[in-house]
Amino acid sequence: MEIRQEIKYDRVRNFAQATSGEVNLSCGFPRWKRCLDLACIALALPLWLPLMLLVALGIKLLSPGPVLYRQERVGHRGRRFLCLKFRSMRVNAETQTHERYLEHLMQSDSPMTKLDAAGDPRLIPCGRILRATGLDELPQILNVIRGEMSLVGPRPCTPKESESYDTRQQERFDAPPGLTGYWQVNGKNETTFSAMIEMDIHYARHMSPGMDLWIMLKTIPVIAREVFAPRTPPPPERTGQNCS
């Protein structure tokens, strides 16, 4: 109920800001952020478009089924949208394991090691590479173009995850979700869930063109480290749930 009231209030506030020129009317983002996103996407078009086509072709050849995976996520000011990703798992792979693992991370506040760090039979061939490099998230450029996401911002969470947020944690929705972000370049999977939330709130309160450009530049070496990082198993669960 609280989230719905907040969203209703923010819609009124966003409209007032938009009419005064503070934000872009089409998506409610700060005008500078929308302009920076579209400019970077246009300049990088010769790089990301051929890469997307190559990845799409690879998935089609390596695994039967659709190329894209769509999942409902919660974005700016609590708005829901369909987040696009390249499919990195086999068709009809169960998702309960991942949901239980995320719940465990939230409750235990342990380092957010990826569930597939030690291998995952649900992944398609080269699926781990897609995830480690972030190539599976390239289709979210289309989400950015549509005004549902930004290049930089907190990761978009699932509706189920958002339901567990308290009032302070909901501040992360003050920033649009992004392909990369402050958390991603400051420890990411080595940090805890609460640390991630604090970094997201910090970004939401201090986002600026300079910070966005700094995060974009820092993302490249971070991805390189993830690709060549040794594969280590995630920490054992302590909640008594079976995630095998």
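The values are calculated or read from the model by the stated rules, or taken from the named source; none is laboratory data. Fair warning: this is a prediction, and the values are worked out from it, not measured in the lab. Reconstructed Cβ throughout: ideal geometry from the backbone, glycine too, with neighbour counts over all protein chains shown.
Looking at segment 100-177, what helices (runs of 4 or more DSSP H) fall wholly within it and have at least 1 residues that are within 20 Å of residue 198 (Cβ to Cβ) and touching a strand residue (DSSP E or B) at 6+ places or on another chain (Cβ under 9 Å)?
Values: elements: 127-133, 140-145, 159-162.
Helices (runs of 4 or more DSSP H) meeting the threshold: 159-162.
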Note on residue 75: of the conditions (1) buried (at least 17 other Cβ atoms within 10 Å of the Cβ); (2) of a type in the set (Gly, Ala, Ser); (3) more than 30 Å from residue 27 (Cβ to Cβ), unmet is (3)
Given the conditions (1) modelled with pLDDT under 95; (2) in contact with a helix residue (DSSP H, G or I) (Cβ under 9 Å, 6 or more places away or on another chain); (3) assigned to a helix (DSSP H, G or I), every one holds for residue 195 apart from (2)
Practice item. Please work out if residue 152 is within 19 Å of residue 221 (Cα to Cα), among the hydrophobic types (A, V, I, L, M, F, W, C) and either surrounded by 16 or more Cβ atoms within 10 Å (Cβ to Cβ) or touching an Asp or Glu at 6+ places or on another chain (Cβ under 8 Å) (or both). Key: yes
